[in-house]
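Below you'll find the structure, written out as structure tokens, and then a few comments.
Values quoted throughout were computed directly from the atomic coordinates according to the rules given, and no laboratory measurement underlies them. For clarity, every value in this text was computed on a predicted model and none was experimentally measured. Neighbour counts run over all protein chains shown; Cβ positions are idealised from the backbone, glycine included.
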Amino acid sequence: MTIAAAQPFLKWAGGKGQLLEQYERFFPAARGGRYFEPFVGSGAVFFHLRRRDLFEGYTLSDANEDLINCFRVVQQDVDALIARLEEHRRAHEKTHYYAVRALDRDPAWKEAPPVERAARMIYLNKTCYNGLWRVNSKGHFNVPMGRYKNPDIANADRLRAASEALRGVRLEVRGFEAVKDAAAPGDFVYFDPPYHPLSATASFTSYAADDFGPDDQRRLAEVFAALDSQGCRVMLSNSDTPFVRDLYQSFRIETVCARRAINSASGKRGPVSEVVVLNY
């Protein structure tokens, strides 16, 4: 497989695949600098830009250790991962799903081999309800099994294309603030944080053990401003709320229209406005 075929191998709430066409006018037009993405998620923007070979180097990071482990295994040991996913595919049914889901309740699971942990993440992601990755306050995955006739558990072609695209990419477990010390003038930084809730009563889903609250949003805005002063090009996605607009009032704010794909109420899955913040 080639980089041209690379696509996300995980379904991720807030994934940007549906918005790439609207984002196209915001992306750099010429090659240069390095690319940093501190909230990698499914990596939709990374894979899109990697296919175009726009940057001289790439660093993907996230505070979610399981997610970065998954990317590393796809990058470094994709054949072993595919083989393990085939075993999950053959064993898939209700009892197997809940047994795999319960693995992280055992303290020893943290010492499980990287391939085992990555295969579990992809298997659960492909078979859980709505493809929603959610953990509780203890860091335990708690989404029930979905209803799929033929879940795409072991897509070898997609995984191998992603592995090729990830060759030479730096993958790090770290918080978003670390990018201030890593990025230099001319580099491009794309932030896709957990979105600020649209209302006080809106549900907020946790993809790691700790939620991303208003204070975190404020710290992120400070990092955005610091990167701007360092001469970096910075782009950020977030919900279209007065709170977010106030945080970034000194910068260019554009709007795009997204479809909310994951919500417990089907009536709340319609189009919604989102903001794109840019310092260029």
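Structure notes:
- Stretched out straight at 0.36 nm per residue, the stretch from Thr95 to Arg219 would grow longer than its current Cα-Cα span by 40.4 nm.
- Given charges at beta-carbon only (K, R positive; D, E negative), |dipole| of the chain in Debye: 860
- C-alpha center-to-center spacing [the range 100-147, the range 52-89] in angstrom: 16
- Charge dipole of the chain about the Cα centre (unit charges at C-beta), most positive-ward option of Ala161, Ala112, Ala63: Ala161
- Placing a label point 7 Å from the Cα of Ala83 along the Cα-to-Cβ direction, no residue of the range 94-129 has its backbone N under 12 Å from that point.
- Kirkwood-Stokes translational diffusion coefficient of the range 72-159, alpha-carbon pairs, 37 °C, 0.692 mPa s, µm²/s: 247
- Which listed pairs, of Lys94/Lys149; Lys16/Lys180; Lys110/Lys180; Lys110/Lys138, have C-alpha distances above 18 Å, in listed order: Lys16/Lys180; Lys110/Lys180
- Once C-alpha pairs closer than 8 Å and six or more residues apart are averaged by separation and normalised to the residue number of the chain, the relative contact order reads 23 percent.
- Taking 15 Å as the cut-off, the amide N atoms of the range 143-180 that come nearer than this to a point 7 Å along the Cα-to-beta-carbon line of Thr2 belong to 161-162, 164-165.
- Backbone phi angles across the range 188-194, fed through the Karplus curve with coefficients 6.51, -1.76 and 1.60 (θ = phi - 60°), yield HN-Hα couplings of 10, 10, 10, 9, 10, x, x Hz in residue order; Gly and Pro are listed as x.
- Principal axes of the range 11-115: Cα extent on each, largest first, Å: 50, 26, 25
- Sorting the segments 122-129, 214-221 by their mean number of nearby beta carbons within 10 angstrom, highest to lowest, gives 122-129, 214-221.
- Couplings for the range 231-237, taken from phi via the Karplus curve 6.51 cos²θ - 1.76 cosθ + 1.60 with θ = phi - 60°, read x, 8, 8, 10, 10, 9, 10 Hz in order; Gly and Pro are left as x.
- Across the range 272-280, rounded Karplus estimates of 3J(HN,Hα) from the backbone phi angles (6.51 cos²θ - 1.76 cosθ + 1.60, θ = phi - 60°) give 9, 7, 10, 9, 10, 9, 9, 9, 9 Hz, Gly and Pro being marked x.
- Segment Ala112-Arg170, extension gain: residue separation times 0.36 nm, minus the distance between their alpha carbons: 18.6 nm
- Cα-centre dipole for the range 72-159 with unit charges at Cβ (Lys and Arg positive, Asp and Glu negative), debye to 20: 420
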